[in-house]
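The values are calculated or read from the model by the stated rules, or taken from the named source; none is laboratory data. Source: prediction; values computed, not measured. Positions of Cβ are generated from backbone atoms using ideal geometry, with glycine treated the same way; all protein chains shown enter the neighbour counts. When the accessible area is computed, the model is the full protein with side chains, heavy atoms only, and any ligands, DNA or RNA have been set aside. Shrake-Rupley method; radii C 1.70, N 1.55, O 1.52, S 1.80 Å.
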Amino acid sequence: MPADIKVRSVSRARYDALVGEDRKLVLDETKIQFKIGDDALEIKPMRPHGGSLPATGEEPFEGQQRLEMFADDIGVSYNQVRTYRQTASRWPREHRAQGVSFDIHRILEKLDDRFEKIADPLPHRPHRRGPRPRRPRLPGPPPLRVGQPLRHRHPAQRQRPAHRPRVLGPRRRPPPPLTTPTPPQAVTLK
């Protein structure tokens, strides 16, 4: 693309420079999150599945207190340290993918074939701009357009099946037809 094209309020060259800088920051953030996770694993290693009981010679809540103290000392929440530790435990250093964010590693950590998935990712399809492709027409009458006469009865004119109850309430009797009043007749007295 030519450099004189603008992306919102910046030039294309400036936009590309900003994207490059921010991608480096995201990679640095990923390295930081894995480093904190590795350090938390060193402080308190993961227990095997079903290891809710303390290990031999360990106090019941000693490990959690150590991680809370570690989180406070580095200025990160305890839950973040737990998340980083969990993800770092599921991704050994030799299986971590360069250029892939920590969040992708965290999402894939639950899969059994995560190492194959991260080694062979799906191809990235950029967002498609332009008009949407037309959907194929369904069989039947063409869609209605403004000013086009209706080819079917209005829903209010359609017959309601006899077995369906009336939703609008009881049926009302039509008012009696209007008749013209008869003029009073003269009464003769005898």
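What to note about this one:
- Among residues of region 28-47, those that are of a type outside the set (Asp, Glu), loosely packed, with under 15 Cβ neighbours inside 10 Å and assigned to a helix (DSSP H, G or I), counted: 4
- Scan of region 65-98 for residues that are open to solvent by less than 60 Å² (accessible area, probe 1.4 Å), in a loop (DSSP other than H, G, I, E, B) and under 23 Å from ASP22 (Cα atoms), ordered by number: VAL76, ARG96, ALA97
- Taken as a whole, the condition of being charged (D, E, K, R) and under 21 Å from LYS44 (Cα atoms) applies to ARG106.
- Every condition in (1) over 25 Å from the mean Cα position of the chain (by Cα); (2) outside any loop (DSSP other than H, G, I, E, B); (3) more than 14 Å from LYS35 (Cα to Cα) holds for ILE104 except the one numbered (1).
- From the options ILE104, ILE5, residue that is of a type in the set (A, V, I, L, M), surrounded by fewer than 12 Cβ atoms within 10 Å (Cβ to Cβ) and modelled with pLDDT under 90: ILE5
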